[in-house]
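Asks: Shown below is the structure under consideration.
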Amino acid sequence: MKQAIGMLAAAALVAGCAAMAPGGPSATAVLEPTKGNTAGGKVEFVQKGNKVFVSVAASGLTPGAHGFHIHEKGDCSSGDGMSAGGHFNPLAKGHGHHGAADRHAGDMPNLRSDAYGNVSFSFETAGITIGSGPTDIVGRGLIVHRDPDDYKSQPAGNAGPRLACAVIAKG
């Protein structure tokens with residue numbers, strides 16, 4: 001019950017944040033749990049200029065930090081999320097911290113879930129686009145990992161198994 005209430009509150013926050021974000025091309029992703037996991041949620045993306053505003057509402061996680069990445073393939077069919085391929089990296093850069101200039105386009109900040117396993121988080125990012133160009137995220141995969149991204153290990157930050165997978169769809 002607490003998880004459901006937390007998810008509803010998080011969804012309301014995401015909807016509110018999306019409404020406040022500047023208008024522009026948008027995309028959404030519905031996170032579904034991989035086999036044996038309970039993580040799920042919704043992620044919304046809105047582009048304004050060279051920035052993309054991202055709002056995440058998720059539940060079913062263990063408390064703490066979890067890696068969060070855009071992956072190269074919009075394919076969640078394998079049951080373990082591995083069919084989504086590696087990190088989305090159209091500019092052939094090394095893996096790194098979300099705030100770094102030299103990083104994969106798909107490198108995002110870690111998600112931090114509360115004591116009930118819920119996440120409600122919004123941030124802005126550069127280096128991705130919605131609907132056009134080589135850094136277009138539409139049709140790509142979105143993964144939540146079990147462990148936090150260490151932002152150093154190559155090629156993917158040592159974030160562990162994939163707990164939830166989504167395909168990013170145009171808005």
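The values are calculated or read from the model by the stated rules, or taken from the named source; none is laboratory data. The structure presented is a predicted model; accordingly, all values stated were derived computationally and were not measured. For neighbour counting, all protein chains shown are included, and Cβ atoms are generated from backbone atoms with ideal geometry for every residue, glycine included.
Asks: Do we find that GLY94 is in a loop (DSSP other than H, G, I, E, B) and touching a Lys or Arg at 6+ places or on another chain (Cβ under 6 Å) in this structure?
Replies: So GLY94 does not fit the description; no.
Asks: How do the pairs read when you match residues in the stretch 98-116 that are modelled with pLDDT of 90 or more with residues anywhere that are in a loop (DSSP other than H, G, I, E, B) and of a type in the set (Phe, Trp, Tyr), using Cβ under 9 Å and keeping only pairs 6 or more apart or on different chains?
Replies: Short answer, once both residue conditions are applied: ASN110/TYR151.
Asks: OK, next. Hey, could you check the stretch 161-171 for residues that are within 15 Å of the chain's Cα centre (by Cα) and part of a loop (DSSP other than H, G, I, E, B) and say which is nearest to MET108 (Cα to Cα)?
Replies: Among residues in the stretch 161-171 that are within 15 Å of the chain's Cα centre (by Cα) and part of a loop (DSSP other than H, G, I, E, B), the one nearest to MET108 (Cα to Cα) is ILE168.
Asks: Does the stretch 3-25 contain at least one residue that is surrounded by fewer than 18 Cβ atoms within 10 Å (Cβ to Cβ), closer than 19 Å to GLU124 by Cβ and at pLDDT 95 or above?
Replies: yes
Asks: Looking for something under 17 Å from LYS51 (Cα atoms) and touching a helix residue (DSSP H, G or I) at 6+ places or on another chain (Cβ under 8 Å) - is there at least one such residue anywhere in the stretch 98-109?
Replies: There is no residue in the stretch 98-109 that is under 17 Å from LYS51 (Cα atoms) and touching a helix residue (DSSP H, G or I) at 6+ places or on another chain (Cβ under 8 Å).
Asks: For a quick check of your reading of the model, give me the residue pairs whose first member lies in the stretch 52-70 and is closer than 14 Å to ARG162 by Cβ, whose second is of a type in the set (Lys, Arg), with beta-carbon atoms closer than 7 Å and at least 6 apart or on different chains.
Replies: As it stands, the answer is HIS66/ARG146; ILE70/ARG140, since those pairs meet every condition given.
Asks: Still on this model: Could you figure out which of (1) in contact with a Lys or Arg (Cβ under 8 Å, 6 or more places away or on another chain); (2) at pLDDT 95 or above; (3) surrounded by fewer than 19 Cβ atoms within 10 Å (Cβ to Cβ); (4) of a type outside the set (Gly, Ala, Ser) isn't true of LEU31?
Replies: The one condition LEU31 does not meet is (3).
Asks: Could you tell me whether any residue of the stretch 21-35 is in contact with a strand residue (DSSP E or B) (Cβ under 9 Å, 6 or more places away or on another chain), assigned to a loop (DSSP other than H, G, I, E, B) and at positive phi?
Replies: Looking for residues that are in contact with a strand residue (DSSP E or B) (Cβ under 9 Å, 6 or more places away or on another chain), assigned to a loop (DSSP other than H, G, I, E, B) and at positive phi, one finds at least one in the stretch 21-35, hence yes.
Asks: Still on this model: Let me confirm something: among ALA84, ALA164, ALA115, ALA169, which residue is closer than 16 Å to ASN37 by Cα and either crowded, with 18+ Cβ neighbours inside 10 Å or aliphatic (A, V, I, L, M) (or both)?
Replies: Every option except ALA164 fails the conditions.
Asks: Which number in (1) within 23 Å of ALA39 (Cβ to Cβ); (2) surrounded by 15 or more Cβ atoms within 10 Å (Cβ to Cβ); (3) in contact (Cβ under 8 Å) with a residue 24 or more places away in the chain marks the one condition that ASN158 misses?
Replies: Condition not satisfied by ASN158: (3).
Asks: If a residue has to be in contact with a strand residue (DSSP E or B) (Cβ under 7 Å, 6 or more places away or on another chain), surrounded by fewer than 20 Cβ atoms within 10 Å (Cβ to Cβ) and assigned to a strand (DSSP E or B) to count, how many in the stretch 41-76 make the cut?
Replies: Adding up the residues that qualify gives 4.
Asks: Considering only the stretch 99-127, state which residues are farther than 23 Å from LYS152 by Cα and assigned to a loop (DSSP other than H, G, I, E, B).
Replies: ASP114, ALA115, TYR116, GLY117, ASN118
Asks: Which residues, taken from the stretch 49-82, are among the aromatic types (Phe, Trp, Tyr) and in contact with a Leu (Cβ under 9 Å, 6 or more places away or on another chain)?
Replies: Selection gives PHE68 alone.
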